[in-house]
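I have placed the structure first, in the form of structure tokens, so that the comments after it can refer back to it.
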Amino acid sequence: MYKILVVEDDRGIAEAVCSEAQKWQMDAKCAENLRDVLAEFRAYQPHLVLLDISLPFYNGYYWCTEIRKVSDVPIIFLSSASDNMNIIMAMNMGGDDFIPKPFDLNVLIAKIQAILRRNYGKIDHPGMLCHRGAVLSTDDSSLLYNGEKIALTKNEFRILLALLEARGRVVSREKLMERLWQTDSFVDENTLSVNVNRLRKKLDRAGLDDFITTKIGIGYMIE
């Protein structure tokens, strides 16, 4: 489980971020001692730091510099001071990304997932499958991509789940139809094609072009 340290003096924002991260099976902690953020960092050993710029005692730039002396852990700056100079300074100080306030929690989680994936590889967790930045949750049958939720029907979810579980391997049309037989209605080959095509259009509109590959005469796969 990935650990996220939230260094933010607005308790409401910090707790909201921690709560949302925990929904995605991340271990998130709000920094308590803003006088010594480095001590909090050393004690918790997070995989990623969310760092506000305007903090009491010392600002976020100072703490980023201190963390960079001991670690290359990804750091995302959060700030309402989102002018170009602050963004440039944040990147020059060693930040990996900059998210202006106010921000959408879904967008924040998507950015966290993307940076974790780039730095640590595949980030699948129980109840969640990830590929090309898309996150499929088996808890609520939702698909999240670039901070946006893509609505899926029951059949579309089952098709996508079967293909993601078998990433890199072809799933035959027969196997997919078996998954769709879990519904109350009869599913024939034409119904399967209609569902796959509809799912593809949704993925394409969201920016996930060519997410599903057809293997003619065999089935489908996600490569």
- Classify the range 128-221 as rounded, prolate or oblate from the Cα gyration tensor: take a ≥ b ≥ c as the square roots of its eigenvalues, call it rounded if a/c is under 1.5, otherwise prolate when a/b beats b/c and oblate if not. prolate
- Helix axis angle, 105-120 relative to the chain longest principal axis, alpha carbon, degrees: 90
- Round to the nearest 10 and give me the degree value, 0 to 90, for the angle of helix 11-23's Cα axis relative to the longest principal axis of the chain. 30
- Task: Springs between alpha-carbon atoms under 10 Å, Gaussian network over the chain: tell me which of PRO102, PRO46, PRO74 tops the mean-square fluctuations.
- Result: PRO102
- Using a simple charge model, +1 on the beta-carbon of Lys and Arg, -1 on the beta-carbon of Asp and Glu, nothing else, what dipole does the chain show about its Cα centre, in debye to the nearest 20? 660
- Based on the Cα atoms of the range 3-120, what semi-axes does the equivalent ellipsoid have, where each is the square root of 5 times one gyration tensor eigenvalue, given in whole Å with the largest first? 18, 16, 15
- Item | Cβ-placed point charges (K, R +1; D, E -1), dipole of the range 153-212 about Cα centre in debye, nearest 20 | 180
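Laboratory data are not the source of any read-out in this text; all were calculated from the coordinates shown. Note that the structure is a prediction, hence the values are computed from the model and not measured. In this analysis, Cβ positions are derived from the backbone assuming ideal geometry, glycine residues included, and neighbour counts consider all displayed protein chains.
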